[in-house]
Amino acid sequence: MNDSLQARPSQSTNPEATAGERYDFFRVVQGYLRDAAALVEMPEDTLTILSQPKQEIIIHFPVRLDSGEIGLFKGYRIQHNNILGPYKGGIRYHEAVTLDDCKALASMMTWKCALMNLPLGGGKGGIKFDPRKYSSGELERITRRFIHALGSNIGPSHDVPAPDVGTNAQTMAWAMDTYVNTVGYLSHTSSKGVVTGKPLASGGTHGRAKATGQGLVHCIRYWAEEKDFTLEGSTVIVQGFGNVGSYSAALLSKLGVSMIAVGDHSGYLYNPEGFNPHKLQEYVRKHGSVAGYPAGQSIPREQFFRLKCDIFVPAALENQIGVAEASVMDTKLIAEGANGPCSPEGERILIERGIDILPDVLANSGGVTVSYYEWVQNNRSESWTLEEVDARLEVAMKRAYRKTMEMARQKNTTARLGAYAVALQRLMTVYAERRIWP
């Protein structure tokens with residue numbers, strides 16, 4: 001095997017990827033953990049347990065490519081904590097996937113599940129490669145080989161993956177089928193619940209595709225109610241137009257919010273009259289990015305962050321809003337569709353400038369919440385209607401929003417640390433009740 005075949009070289013310059021280079025995301029998340037732990041007076045031994053994952057799995061696996069050559073791929077699965085229930089978290093396909101980033105994202109899943117009162121723990125995984133450089137057949141073989149290599153490290157009652165950046169419902173269908181026909185076959189039990197985010201016909205749930213965006217929009221609505229802000233006629237800018245960004249824009253448009261700028265790995269577009277998010281969704285599905293969309297004017301990244309708007313939705317990767325961006329942004333609210341889009345330094349500047357932030361742990365937790373609903377339906381052999389899923393999600397998001405904001409006010413802290421504190425209180429209670437064995 002040849003090292004040169006580990007990943008096909010990328011010829012594009014990805015603004016989301018380059019902005020996050022040399023950024024210690026795991027250290028940032030650990031910092032939030034320590035700050036929130038101090039707020040709730042968490043015992044030092046519990047903090048020590050939560051500061052590192054229970055398991056870190058690294059796999060190198062070969063895949064035959066369309067050319068006949070063998071590519072060697074590097075995959076990760078991080079299992080952070082399962083005291084509340086099975087590990088839960090996405091699988092990311094991206095050239096910038098690292099061990100520490102997976103550790104950061106897995107720990108954030110622990111906080112999200114605890115905040116949303118789900119009987120699940122935190123996990124995360126990924127493969128370090130650029131999926132846009134590979135054919136559909138190659139992606140299927142890469143997915144199946146990775147799931148096969150993980151083997152019994154995942155399972156419906158142990159670790160339940162889901163889609164993330166670079167993966168989708170089709171990826172999950174391949175993953176589920178591979179598991180069912182290998183590890184799941186040996187147990188002779190229903191194994192559809194080994195992953196969530198599947199296509200509807202393959203055991204998925206109504207409402208999963210829009211779930212993260214739907215949860216984000218619920219939080220924006222609650223914020224608007226608290227601030228007596230009228231959403232009708234307001235404007236939004238969206239960075240990242242994948243699943244989360246596109247559904248957020250489409251759902252906000254139903255509330256009368258106009259998307260005046262949008263960006264992704266291919267560049268940034270501006271239209272003061274507003275984009276039609278549904279037409280842009282179709283364009284991106286067909287072309288893979290917003291590049292070349294005729295209804296917008298191409299602008300540089302720097303100008304994108306300077307544009308005036310009411311709501312800014314970062315839905316790309318982590319570390320997109322640093323000191324430079326935070327210093328020039330002209331918005332009332334940042335609603336974090338992505339995980340960790342604001343650096344700690346950027347967040348401090350935003351708060352000093354009076355810009356509100358709906359933190360990732362709260363704002364994008366609709367995805368894992370509806371994933372939990374899918375998992376429950378698979379385990380019970382049930383199928384809920386879209387109306388049932390939507391109603392449950394709205395109740396869950398409102399409860400989590402209120403608890404987060406109440407905690408932030410009680411502790412005189414940020415919404416981010418308020419969300420962390422609510423999550424840590426639940427974890428702290430369980431550790432106090434169960435203790436450590438032996």
**Message:** Between segment 311-335 and segment 87-135, what is the separation of their alpha carbon centroids in Å?
**Reply:** 22 Å
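Rank these for me by crowding, I154, I260, going from fewest to most other beta carbons within 10 Å.
On the way: I154 24, I260 21.
Result, fewest neighbours first: I260, I154.
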**Item:** Nonlocal Lys pairs with alpha-carbon distance under 27 Å, segment 211-363 (8 or more apart, or different chains)
**Value:** 10
**Asked** If you average the sequence gap of Cα pairs under 8 Å that are 6 or more apart and divide by the length of the chain, what percent do you get for the contact order?
**Response** 17 percent
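Rounded to the nearest 500, what is the chain's calculated 222 nm mean residue ellipticity when only DSSP H runs of at least 4 contribute -39500 (n - 2.57) each, over all residues? Kindly include the intermediate steps, with their values, before the conclusion.
On the way: 17 runs with 201 residues, N = 438.
When only DSSP H runs of four or more count, the value is -14000 deg cm²/dmol.
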**Request:** Could you work out which residue, out of Y373, Y23, Y93, moves most in a Gaussian network model of the chain, that is, has the largest mean-square fluctuation with Cα springs under 10 Å?
**Result:** Y23
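Write down the percent of antiparallel bridges among all DSSP beta bridges whose residues are both part of segment 208-317, to the nearest 5. Write out the running numbers ahead of the final one.
Values: 8 of 17 bridges.
Here the share of antiparallel DSSP bridges comes out near 45 percent.
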**Complete:** Listed with the fewest Cβ neighbours within 10 Å leading, F304, F241, F129, F61 appear as F61, F304, F129, F241
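Can you sort C309, C219, C113 from fewest to most other Cβ atoms within 10 Å of each residue's own Cβ? Intermediate results must be reported in sequence, preceding the final value.
On the way: C309 21, C219 25, C113 31.
Fewest-to-most ranking of C309, C219, C113: C309, C219, C113.
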**Burial order of peptide ranges 261-267, 146-152 (average beta-carbon count within 10 Å, highest first)** = 261-267, 146-152
**Asked** Considering the chain as a Gaussian network with a 10 Å cut-off on Cα pairs, which listed residue, T230, T212, T167, attains the greatest mean-square fluctuation?
**Response** T230
**Message:** Springs between alpha-carbon pairs under 10 angstrom, Gaussian network model over the chain: which of P119, P277, P156 fluctuates most?
**Reply:** P119
**Fill in**
Once the in-chain neighbours fewer than 8 apart are removed, the aspartates and glutamates whose Cα is under 13 Å from K198 read D164, D177, E374
**Message:** Please report the antiparallel percentage of the DSSP beta bridges confined to segment 3-202, to the nearest 5.
**Reply:** 60 percent
**Prompt:** Counting only DSSP beta bridges with both residues in the chain, what percent are antiparallel, rounded to the nearest 5?
**Reply:** 50 percent
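Read-outs throughout are calculated quantities, based only on the coordinates presented, and are distinct from any laboratory measurement. Since we're looking at a predicted model, the values are computed, not measured. Backbone-built Cβ (ideal geometry, glycine too); neighbour counts: all protein chains shown.
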